[in-house]
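First comes the structure, then the notes that go with it.
Where a number appears in this text, it was derived from the coordinates with a stated rule and is not lab data. A quick note: this is a predicted structure, and the numbers were derived from the prediction, not measured. Cβ placement follows ideal geometry from the backbone for every residue including glycine, while neighbour counts extend to all protein chains displayed.
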Amino acid sequence: MLHVALKGTFSRWRRLVLSGLAVVLGVMFVSGALVLTATLGGSYTDVARRAHAGTDVAVSSTDTISAAGVPAALVERLAGVDGVARATGVVSADGARLVDARGKVVPSPDRPRLGVSWPGQLPGRDGSVQLRAGRGPQRDDEVAISTALAAAAGVRVGDRVAVLTLRPKQTFTLVGTFAYADPEQQVVAFTEPVAQALMLGTPGAFSSVAVTARPGVSPAQLRERIAAALGPGYRVRTGEQLARAEGATRGRSLGLTGDLLLGFAGVALLVGAFLIFNTFSMLVAQRTRELALLRAIGASRRQLVGSVLTEAAVVGLGGSAAGLAAGVGVGALVARERVVVPASAVLAAFAVGLLVTVAAALLPAVRAARVPPMAALRDTAAPERQLTRLSIAGAVVLAAGAGLLGFGLAAAAQGAAPLILSGVPVAFIGVTLLTPALARPATGLLGRAFAWSVSGRLARLNAGRNPRRTAATAAALMVGVALLAGISTVFVSATTSVGRLVNDQFKADLVVSGDANGVSRTGFDPAVLTRAAALPGVLAVTGLGEGGAVIDGQPAYVQTVTDVPALRDMLSLTAAEGTIGALADDQILVDQRAVTAAGPHVGDRVTVRLPRGEPHQFTLAGIYTDTDLLTGWLLPASAAGGLKQPLPSRAFVRLAPGTDVATARGRLDGLLADSPEVGVNDRAEYTAQENAKADRLLRIVQVLLGLAVVIAVLGIANTVTLSVLERTRELGLLRAVGLRRFQTMMMTAAEATVISVFGALLGVAVGVALGAATVRALQAQGVTELSVPIDQLLAYLGLAALAGTLAAIPPAARAARLNILTTIAHE
């Protein structure tokens, strides 16, 4: 039987190609995600190793909130530890932004922009720093930069360059360029005192201390000695441990990307499972007589099941191998590094490919085993089974999903999300099970659009002839379109909600905002706020700084505000407790989200520890109601010096009635000439800026989900192809009684179009319904407005219909080319 199964598989390989392609695409996503994360994760660690070459032990503070790092006295203390050959203070922090020759800040979207002390953070502290041109900085008005930064900025040794740091823009002479461990890393090297002042804001402090061991002392031994000498309060790691930690930190940014790709791989494989199921169902139906003959000559039911599953396993193995190769190629193309193929990628590729293929073919295999030997005496395929039990099961599951959704919609806001989000997939499964019962009436109704011609009427009848087959084909398309429609509904609703929030509650006319790249937004000179308030037509200006802090022992996000009453009026803040007014130097405000039933309450004292300075007690003056325009603790402007970034990073400006917004904006832009990363936006641009990340994510999701639609279209092509093979004799008879070639093509294409539109309509309906339920579940997160993207949904429908028609062209052309006499004699 194994020989028979393999021979049958390879004799029917053309019929299995599209099913195998679905496996290839799904496995490509799985293996590509794993290869990409492993390759980039490994490269990050390698770069960190090169960056810390020569460091046997690194010592840093365990206080993650402090901006001061470690004191300079620690360097001398470490130099006296037994086994230490040299201890070097290192300054290295994100936030050194170089202005290029055009007056623009050089962008670095995926890497920090490091400001370091020369040559403390650079490889080879033994003097082997690889200078490419010039020398290192020796005076306080000199800098050296990495070759990558020099190329990106278009500057050369000898040029005057501007650098933005914790302080407003300052100008330096570029005296050298050097090679860095990461060839794409942007690095600005200052003299040690300047690096301490500009990057840490604390003279005489270091980010960490790099220690070199004496000959004969291993890094592990030295780490133990230093840890024992320093005690708690310091993090002591070997150079290898530090490299691995930094590589893992950068690698965490890949986690979301990998999870996203794996999620879409699951969708692609789910859609592919429909295709595989449909393919093997049709193959089993077409081979009824062959299978019956095998039963008649002694084959057992188990052997028949095994033969069908063997075919599926061959398809799965081939698709997995090709998908793994494609995934490695995609990972190498994206990473542009030496490819790392982890064992997990290989195991996952074959496990997933085989599992999906064999599982999808299992039910058709069981059906094959039920073919009675007497069927070999008949000329017809096995009769279509009733849909009663499947429809009842679908109705029960759909009712359960609808019940969960109903309870969720009726529940209080805090209890709605779990019920709704659990009801969504249950309802989705219920609709999928009901699809066969809907197939015949739906295709009959949709087919009326083609009923004006003979070929159209035949296409309508063919589409409804086998509801299970039509449903499985349409369900694959439904999954992809439903996800597209649902996610589009959620994202567009979120965008609409932000717009409504800005229109209803945001009263500022202009927004000054720095670039959010890196650890915090770019700051600007506080003097800009005073000058802006004096501009003609300006009613009020309030500036905000931001950063991390520890409040009563818990990590917290804080903002400093220069004018709380102006902020209250521009953001429509209301007091839930206490008052929202001007703050004294020892007063603080907070939103309701940050307050529990146990407190704190108005009048209570809270202890705030900012990155700079000693802990300080503040009195809670008021609690403001929740708003999506503002969150967290609000401190007076006098506390700004305690933040890591002491400069304001945002400002809201309100204009007098009748003031020309464009004119006021131009004047405000002029005040920010020394802050090229800081821009001025009006209300519409501010809304668009707030929605920009969501819009980019939606486009990525649409592109990736497009793969699922592509697989579903392959399923339509496969179904039509196998349907043509199944109806070979029927097509010959139709041609014999007068159906022309063009009419044959039109009949086949119309059938595919009807199935495509049925699947797309069902997907749109399900997607919008489930998207609306998800929007309801996200009300507590600020998604309060349901908005259905009609234009996008119509585009999905049109593309689905077009794709289905195009997919049917090759099998339609084949049907039209069939020889009449040969087809009539076909068995």
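Close amide-amide hydrogen proximity is noted between A576 and I623, Y624, T625, each under 5 Å apart and 5 or more residues distant or on a separate chain (H modeled in the peptide plane; Pro and chain starts excluded). Restricting the calculation to alpha carbons of the range 584-641 gives Rg and Dmax of 11.5, 32 angstrom. Helix 301-335 axis versus longest C-alpha principal axis of the chain: approximately 30°, rounded to the nearest ten.
Grab the beta carbon distance between A662 and D628, set R0 = 30 Å, and tell me the FRET efficiency rounded to 0.05.
Values: r = 28 Å, r/R0 = 0.93.
E(calc), rounded to 0.05, equals 0.60.
Only lysine pairs 8 or more places apart or on separate chains count here, and in the chain those with Cα atoms under 25 Å apart total 5.
So the label point goes 7 Å from the Cα of A229 along Cα→C-beta, right? Which residues of the range 76-93 then have their backbone N under 20 Å from it? Label zone hits: 76-91.
Straightening the chain between Q689 and T607 buys 26.0 nm, computed as 0.36 nm per residue apart minus the Cα-Cα spacing.
Between the Cα long axis of helix 790-807 and the first principal axis of the chain there is an angle of about 50°, rounded to the nearest 10. Placing unit charges on the Cβ atoms of the charged side chains and taking the dipole of the chain about its Cα centre, the candidate lying farthest along the positive direction among G136, S497, A101 is S497. Ranked from largest, the principal axis spans of the Cα set of the range 322-362 equal 41, 16, 11 Å.
Would you mind putting 91-101, 678-688 in packing order, based on average other-beta-carbon counts within 10 Å, highest first? Don't skip to the end; give the middle numbers.
Numbers: 91-101: 21.7, 678-688: 17.7.
Highest-to-lowest ranking by the protection proxy: 91-101, 678-688.
Calculated on the Cα set of the range 27-108, radius of gyration then Dmax: 19.3, 57 Å. Of the residues L78, A33, T64, the one whose Cα sits farthest towards the positive end of the charge dipole of the range 17-87 is A33 (charges of +1 on Lys and Arg Cβ, -1 on Asp and Glu Cβ, taken about the Cα centre).
For the chain, what is the percent of antiparallel DSSP beta bridges, rounded to the nearest 5? Taking every DSSP beta bridge with both residues in the chain, the antiparallel ones total about 80 percent. Net charge of the neighbourhood of T619, taken over other residues with C-beta under 11 Å away and scored Lys/Arg +1, Asp/Glu -1, is -2.
Report the FRET efficiency, 1/(1 + (r/R0)^6), for V703 and A245, where r is their Cβ-Cβ distance and R0 is 45 Å, rounded to 0.05.
Values: r = 34 Å, r/R0 = 0.76.
After rounding to 0.05, the efficiency reads 0.85.
Summing Lys and Arg as +1 and Asp and Glu as -1 over all other residues whose Cβ lies under 11 Å from the Cβ of A58 gives a net charge of 0. Only Cα pairs under 8 Å and 6+ residues apart enter the sum, and on that basis the relative contact order of the chain stands at 16 percent. Structural size metrics of the range 439-541, computed from C-alpha coordinates, are Rg and Dmax of 28.6, 80 Å.
Since only G403, T823, A639 are under comparison, the one whose Cα sits farthest along the positive direction of the charge dipole of the chain, derived from C-beta charges on Lys, Arg, Asp and Glu, is T823.
Spread over its residues, the convex hull of the C-alpha atoms of the chain is 215 Å³ per residue. Express as a percent, rounded to the nearest 5, the fraction of DSSP beta bridges in the range 63-232 (both residues included) that run antiparallel. That works out to approximately 70 percent antiparallel.
Which angle between 0 and 90 degrees, to the nearest 10, do you get for helix 343-369 versus the longest principal axis of the chain when only C-alpha atoms count? Value to nearest ten degrees: 30. Extending 7 Å from the Cα toward the beta-carbon at both A594 and L317 defines two label points whose distance is 6.2 nm.
Hey, with R₀ at 60 Å, roughly what FRET efficiency would Q170 and A325 work out to, going by the Cβ-Cβ distance, to 0.05? Computed FRET efficiency for Q170 and A325: 0.70. Taking 0.36 nm per residue of separation and subtracting the Cα-Cα distance, full extension of the segment from N819 to V17 would add 286.3 nm. A helix-only calculation puts the chain at -19000 deg cm²/dmol for mean residue ellipticity at 222 nm, using -39500 (n - 2.57) for each DSSP H run of at least four residues, averaged over all residues.
How much of the DSSP beta bridge set in the range 132-229 is antiparallel, as a percent to the nearest 5? Taking every DSSP beta bridge within the range 132-229, about 60 percent pair in antiparallel fashion.
When the alpha carbon gyration tensor of the range 525-671 is reduced to an equivalent ellipsoid, the three semi-axes, largest first, read 29, 18, 11 Å.
Our summary gives the range 63-232 a relative contact order of 34 percent, counting only alpha carbon pairs under 8 angstrom and 6 or more residues apart. Distance between the 7 Å Cα→Cβ label points at T530 and T619: 2.9 nm.
Centre-to-centre separation between the Cα atoms of the range 147-172 and those of the range 788-807: 50 Å.
Stretching V737 away from R132 to a fully extended chain increases their span by 209.5 nm, per 0.36 nm per residue minus the current alpha-carbon distance. Cα centroid separation, the range 439-469 to the range 348-363: 33 Å.
The simple spin-label model puts a point 7 Å past each Cα toward its Cβ; for I809 and R448 those points are separated by 3.1 nm.
Summarise the long-distance tail of P(r) for the range 63-232 by giving the % of C-alpha pairs beyond 27 Å. Don't skip to the answer; put the middle values down first.
Values: 4112 of 14365 pairs.
In whole percent, the share of Cα-Cα pairs in the range 63-232 beyond 27 Å is 29.
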